[in-house]
Amino acid sequence: MGQKVNPIAFRTGVMTGWKSRWFASKQEFGDLLVEDHKIRKYIKTKKDAQDRVKYPAIAKIEIERTRDEVKVVLFTARPGIIIGRKGQEVELLQDELQQLVGRRINLKIEELTRPEIQAQLVAEDIADQLARRASFRRTMKRAIEAAMENGAKGIKVQLAGRLAGSEMARREKAIAGSMPLSTLRAKIDYGFAEGMTPQGHIGVQVWINQGQFGDEENAVDAQASQAPKKPKRAYKR
């Protein structure tokens, strides 16, 4: 085995924040940690009447705690499904979470404008297509093309398992663009999902390079310097 590091854990506290933001005493810490896990698992695995995932396209779930309530922020590409007609679905989910943990829940929905460069959503989409017996090579190619067209600086997709129903498990990967995994300034988003196939589970790992910190500021400065200056006003004597 090589020395591999999880890209999210590598950058947490340095370039990215924590997904759970709260403070607790040593006696309460373990219980609250389990509570966070219950909330995330319930939202991600809740099924509807047709046995499909009820709240799809959720990239990440952030949790903040105060003395009075638990604030849960859902980052999703499809907020309309979670909110529902006149906000009925989001109220129902809020009530279910309150019954689950026994605390007051404040639910907030954040929309993701470019889901094609969110690694977790890309991984789940690939896993879903593999479960429906799509060609793994075509699926990888489409995901890479979509990410690069939507502004990603680089993407790496790795699949592991009994690909195409083969007798022996193997690993396949595809890379496009640059992928500086050791550069802390690089915004490397990482996602993992499992494709449930009749032959077994297929692990899907996705790394997406969303650019470097400071690129936006540099682009703004460059545009400002290239902007045509107004001609100086001529004063008549």
Exercise for review: Being in a loop (DSSP other than H, G, I, E, B) and surrounded by 20 or more Cβ atoms within 10 Å (Cβ to Cβ) is the filter; apply it to region 143-193 and report the residue that is nearest to the chain's Cα centre (by Cα).
Suggested key: Ala152
Revision key, fill the gap. Among (1) assigned to a helix (DSSP H, G or I); (2) modelled with pLDDT under 95, Asn106 falls short only on (1)
Point to revise | Residue check, Leu181 in contact with a Pro (Cβ under 8 Å, 6 or more places away or on another chain) and within 25 Å of Lys4 (Cβ to Cβ) | key: yes
**Study point:** Lone unmet requirement of (1) part of a loop (DSSP other than H, G, I, E, B); (2) at pLDDT below 90 for Gly87
**Key:** (1)
**Study point:** Only listed residue being among the aliphatic types (A, V, I, L, M), assigned by TED's automatic domain parsing to the domain that holds Arg40, within 24 Å of the chain's Cα centre (by Cα) and under 27 Å from Ala147 (Cβ atoms), chosen from Ile105, Ile61
**Key:** Ile61
Practice item. Give Ile82, Ile109, Ile39 a once-over and let me know the one that is more than 30 Å from Pro180 (Cα to Cα) and in contact (Cβ under 8 Å) with a residue 60 or more places away in the chain. Key: Ile39
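The values are calculated or read from the model by the stated rules, or taken from the named source; none is laboratory data. Note that the coordinates shown come from a computational prediction; the quantities given were computed from them, not determined experimentally. Positions of Cβ are backbone-derived with ideal geometry, glycine not excepted, and every protein chain shown enters the neighbour counts.
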